[in-house]
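Written out below as structure tokens is the structure these notes cover.
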Amino acid sequence: MTLAADVPGDAGLTTRARAEDRPAALRLGPVVALALLAVLAISLPNLIDPFMRHDDYPALFAEGKWFWEKTLNEGRWLNYLWHIRGFVTPSWLNFAVYQALWAVLAAAIAVAAMGRDGHPWFARVLALFILIAPPATLISLWFNTLIPGLAVVTLFAVIACWVTPRTLRTLLPLFVIVSFWAYTTYPLLLLAVCLVRTEKRSLRDLIGLCTLFVASFAAAVLLTYTLNWYVHGIFGVPLADWREATPAADLAGMVANLGVLRETFATLLDVTSYGFMPASYFHIAMLVLATLMMLRLAPMETLYLHAGMLMGMGLIVLQVLKLGVQVPPRTFLFAWVFYALIFLRTAALLSRLDHGGGLRGRIARNLALLVVLSYLLQTFNQYTIYRPWQAETRTLAEVAEASEGPILIYGPLDKLSSYEGAYVQSEMAMVFRMRQVAEREVLICDSDPDACAKVVSSRAEANQPPALRVEVTTMGEETRLSLPQGS
């Protein structure tokens, strides 16, 4: 990678690059190659035996019955079709495919955004800046489920590198609807692509694009409601009970939900900074300064990018205040993408203004590299926290090979050091995990003591060997599974 201090401005562009005003002039291939290499490096701790959340296992097993309720409660119809695909692939392959799609998407957005400046350095750094988004790392733990949705968004971004903005907008409604059936905020990534690919910007054009997007999003919601009414008999997407929603019926109710909104953004800042709050203030300051500089250099482009970010934020705020549910940080993936676009476009504009040698452009480029390099390391470290849980459950699976029947686990499973360290969200994670690595049934005896007692009694009556008994025990500062002697 070229050092930031050596990046030229327009004076360093080749005649061919200046002649073409299409993003394809940057050649998507090299940027994709860099993004793939980077995603491989940061994903190494999670590649061979990837960690997944408990409600992602049904997609791994290709069992639609476990996902069926989410078609009603979340409108994820594309994901449901993926669950009933009829074939199963290993988790490591699914994770590799998902991460590769994310890398291609980051590269395609970067190429689409940086086509006018011609110099590939900005596209490469922007791709990496998008790639290391903390919300992307969080949502990647549902990689089995989200493969089809991410593939749809990635396809749209790749197409954007070659077709005209008019053709892209013609495709937008279809892609919004389909991606909405995978994840609610995926359509905002499509909007970002359309915004950066616009060549002739004007207030009228921006209003037209935003109107098209809102109409497409509304159509996606209406079609989802209609499909739920046709299949489930309910017109709408009722929230599941576990979300503990406090829907607002009037303005007073929305005011009462301000606390939920505050928690949503507090959690977002904490996660985005990996628990180091000064980093959050740093990102906010970078966004504000980049916006002020970009307003002077390219006011209409600034308006386009901020319009997209504000539309996304508006949807989130409205949902939280209306429904009274906290939105998880992974939902804000679009916000990081817009942040990356604003900052790197500012760096590109400053470098062009100063012909690559000015102090402002140099500082902007070096700050971008600082974020990229530090967050590449943070992402790598994030993927390492799941390894103890994966290792402990693999060891349990190896011990279980010498026994028959179900595995009985006694003690508070959620007190396991590896359980807490990986932020495992449900005891079902152990049940599904043992099915994955040992093809064995697991009973959590603290949660269902009668079932465990029944298994013990029935095996004794049938003169069968006792079921494998595992206990959660504390040894020093560690709480681990106490496995049979010799394990």
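The values are calculated or read from the model by the stated rules, or taken from the named source; none is laboratory data. Computed from a predicted model, the values in this text were never measured in an experiment. Note that we place each Cβ from the backbone using ideal geometry, even for glycine, and neighbour counts take in every protein chain shown. Side chains are part of the model used for accessible areas, which takes the heavy atoms of the whole protein and leaves out ligands, DNA and RNA. Shrake-Rupley method; radii C 1.70, N 1.55, O 1.52, S 1.80 Å.
Out of the residues in region 291-313 that are at pLDDT 95 or above and of a type in the set (Gly, Ala, Ser), which is farthest from residue 138 (Cα to Cα)?
Step by step, filter region 291-313, then rank; the result is 307.
Quick one: in region 411-435, of everything that is open to solvent by 20 Å² or more (accessible area, probe 1.4 Å) and of a type in the set (Lys, Arg), which residue is farthest from residue 395 (Cα to Cα)?
So the residue we want is 415.
So is residue 121 of a type in the set (Phe, Trp, Tyr) and surrounded by fewer than 21 Cβ atoms within 10 Å (Cβ to Cβ) or not?
Values: of a type in the set (Phe, Trp, Tyr): yes; surrounded by fewer than 21 Cβ atoms within 10 Å (Cβ to Cβ): no.
The answer is no for residue 121.
Out of 335, 364, 348, 340, I need the residue that is modelled with pLDDT under 95, out of contact with any Asp or Glu (no Cβ under 7 Å at 6 or more places or on another chain) and assigned to a helix (DSSP H, G or I). Which one?
Details: 335 fails: modelled with pLDDT under 95; 348 fails: out of contact with any Asp or Glu (no Cβ under 7 Å at 6 or more places or on another chain); 340 fails: modelled with pLDDT under 95.
When all the criteria are applied, what remains is 364.
So which residues in region 129-164 are outside any helix (DSSP H, G or I) and more than 19 Å from residue 34 (Cβ to Cβ), if there are any at all? If you could, list the steps in order and put the result at the bottom.
As a first pass, look at region 129-164 and keep what is outside any helix (DSSP H, G or I): 132-133, 161-164.
Answer for region 129-164, where residues must be outside any helix (DSSP H, G or I) and more than 19 Å from residue 34 (Cβ to Cβ): 162, 163, 164.
Within region 461-481, can one find any residue that is part of a helix (DSSP H, G or I) and over 22 Å from residue 393 (Cβ atoms)?
As a first pass, look at region 461-481 and keep what is part of a helix (DSSP H, G or I): 461.
With over 22 Å from residue 393 (Cβ atoms) added as a condition, the list becomes 461.
Yes: one or more hits.
Among the candidates 245, 266, single out the residue that is open to solvent by less than 60 Å² (accessible area, probe 1.4 Å) and at pLDDT below 90.
Values: 266 fails: at pLDDT below 90.
Just one listed residue meets the conditions, 245.
Find the helices (runs of 4 or more DSSP H) located wholly in region 211-305 whose residues include 1 or more that are touching a Ser or Thr at 6+ places or on another chain (Cβ under 7 Å) and among the aliphatic types (A, V, I, L, M), and list them.
Details: elements: 251-256, 258-272, 277-297.
Where helices (runs of 4 or more DSSP H) fall fully within region 211-305 and carry at least 1 residues being touching a Ser or Thr at 6+ places or on another chain (Cβ under 7 Å) and among the aliphatic types (A, V, I, L, M), they are 258-272, 277-297.
Among the listed residues 155, 150, 126, 131, which satisfies the condition of being hydrophobic (A, V, I, L, M, F, W, C), under 21 Å from residue 29 (Cβ atoms), open to solvent by 10 Å² or more (accessible area, probe 1.4 Å) and out of contact with any Gly (no Cβ under 9 Å at 6 or more places or on another chain)? It would help to see each step written out before you state the result.
Numbers: 150 fails: open to solvent by 10 Å² or more (accessible area, probe 1.4 Å); 126 fails: open to solvent by 10 Å² or more (accessible area, probe 1.4 Å); 131 fails: open to solvent by 10 Å² or more (accessible area, probe 1.4 Å).
Just a single option satisfies the conditions, and that option is 155.
Need the failing condition index for residue 237 against (1) hydrophobic (A, V, I, L, M, F, W, C); (2) surrounded by 13 or more Cβ atoms within 10 Å (Cβ to Cβ); (3) modelled with pLDDT of 90 or more; (4) over 21 Å from the mean Cα position of the chain (by Cα), just the number.
Of everything listed in (1) hydrophobic (A, V, I, L, M, F, W, C); (2) surrounded by 13 or more Cβ atoms within 10 Å (Cβ to Cβ); (3) modelled with pLDDT of 90 or more; (4) over 21 Å from the mean Cα position of the chain (by Cα), residue 237 misses just condition (3).
Residues in region 319-332 that are of a type outside the set (S, T, N, Q), open to solvent by 20 Å² or more (accessible area, probe 1.4 Å) and not in a loop (DSSP other than H, G, I, E, B): how many? It would help to see each step written out before you state the result.
To start, the set of residues in region 319-332 that are of a type outside the set (S, T, N, Q) comprises 320-325, 327-330, 332.
From what's left, open to solvent by 20 Å² or more (accessible area, probe 1.4 Å): 321-323, 328, 330.
Now restrict to residues that are not in a loop (DSSP other than H, G, I, E, B): 321-323, 330.
Total satisfying the criteria: 4.
Out of curiosity, is residue 81 within 15 Å of residue 32 (Cβ to Cβ), open to solvent by 30 Å² or more (accessible area, probe 1.4 Å), touching a residue at least 40 places away in the same chain (Cβ under 8 Å) and part of a helix (DSSP H, G or I)?
Answer is no for this residue.
What number of residues within region 399-435 satisfy the criterion of being in a helix (DSSP H, G or I) and either under 27 Å from the mean Cα position of the chain (by Cα) or within 23 Å of residue 60 (Cβ to Cβ) (or both)?
Filtering region 399-435 for residues in a helix (DSSP H, G or I) gives 399-400, 413-415, 417-421, 428-435.
Retained after the next criterion (residues that are either under 27 Å from the mean Cα position of the chain (by Cα) or within 23 Å of residue 60 (Cβ to Cβ) (or both)): 399-400, 413-414, 417-421, 428-435.
Residues meeting the conditions: 17.
Quick check on region 25-35. Is at least one of its residues open to solvent by 40 Å² or more (accessible area, probe 1.4 Å), modelled with pLDDT of 95 or more and assigned to a helix (DSSP H, G or I)?
yes
Which one of the conditions (1) open to solvent by 40 Å² or more (accessible area, probe 1.4 Å); (2) of a type outside the set (Val, Ile, Thr); (3) farther than 22 Å from residue 56 by Cβ does residue 381 fail to meet, given that it meets all the rest?
It is condition (3) that residue 381 fails.
Which ones in region 436-487 are within 33 Å of the chain's Cα centre (by Cα) and surrounded by 15 or more Cβ atoms within 10 Å (Cβ to Cβ)?
Of everything in region 436-487, those that are within 33 Å of the chain's Cα centre (by Cα) and surrounded by 15 or more Cβ atoms within 10 Å (Cβ to Cβ) turn out to be 436, 437, 438, 440, 442, 443, 444, 472, 479, 480, 481.
Spot the failing condition for residue 90; the list is (1) touching a Pro at 6+ places or on another chain (Cβ under 6 Å); (2) at pLDDT 95 or above, and only one is missed.
Tallying (1) touching a Pro at 6+ places or on another chain (Cβ under 6 Å); (2) at pLDDT 95 or above, residue 90 fails exactly one: (1).
Would you check if there is a residue in region 2-9 being loosely packed, with under 14 Cβ neighbours inside 10 Å, farther than 30 Å from residue 224 by Cβ and at pLDDT 55 or above?
Going through region 2-9, the residues loosely packed, with under 14 Cβ neighbours inside 10 Å turn out to be 2-3, 5-6.
After this cut, where a residue has to be farther than 30 Å from residue 224 by Cβ as well, the list is 2-3, 5-6.
With the extra rule that they be at pLDDT 55 or above, the set shrinks to none.
Checked against the condition, which is being loosely packed, with under 14 Cβ neighbours inside 10 Å, farther than 30 Å from residue 224 by Cβ and at pLDDT 55 or above, region 2-9 yields no hits at all.
Have a look at 224, 211 and point out the one that is open to solvent by 70 Å² or more (accessible area, probe 1.4 Å), within 15 Å of residue 176 (Cβ to Cβ) and either at pLDDT below 90 or not aliphatic (A, V, I, L, M) (or both).
Numbers: 224 fails: open to solvent by 70 Å² or more (accessible area, probe 1.4 Å).
Sole residue among the options that is open to solvent by 70 Å² or more (accessible area, probe 1.4 Å), within 15 Å of residue 176 (Cβ to Cβ) and either at pLDDT below 90 or not aliphatic (A, V, I, L, M) (or both): 211.
In region 84-100, how many are crowded, with 21+ Cβ neighbours inside 10 Å and either assigned to a loop (DSSP other than H, G, I, E, B) or aromatic (Phe, Trp, Tyr) (or both)?
2
Of the residues that make up region 329-345, is at least one within 30 Å of the chain's Cα centre (by Cα) and polar (S, T, N, Q)? Outline the logic, then answer.
Residues of region 329-345 within 30 Å of the chain's Cα centre (by Cα): 329-345.
Okay, now just the ones that are also polar (S, T, N, Q), so 331.
The answer is yes; a qualifying residue exists.
In this structure, does residue 393 turn out to be surrounded by 17 or more Cβ atoms within 10 Å (Cβ to Cβ) and touching a helix residue (DSSP H, G or I) at 6+ places or on another chain (Cβ under 7 Å)? Step through it out loud before you land on a result.
Working: surrounded by 17 or more Cβ atoms within 10 Å (Cβ to Cβ): yes; touching a helix residue (DSSP H, G or I) at 6+ places or on another chain (Cβ under 7 Å): yes.
For residue 393, the condition - surrounded by 17 or more Cβ atoms within 10 Å (Cβ to Cβ) and touching a helix residue (DSSP H, G or I) at 6+ places or on another chain (Cβ under 7 Å) - is met.
Does residue 374 qualify as being open to solvent by 20 Å² or more (accessible area, probe 1.4 Å), at pLDDT 95 or above and among the small types (Gly, Ala, Ser)?
yes
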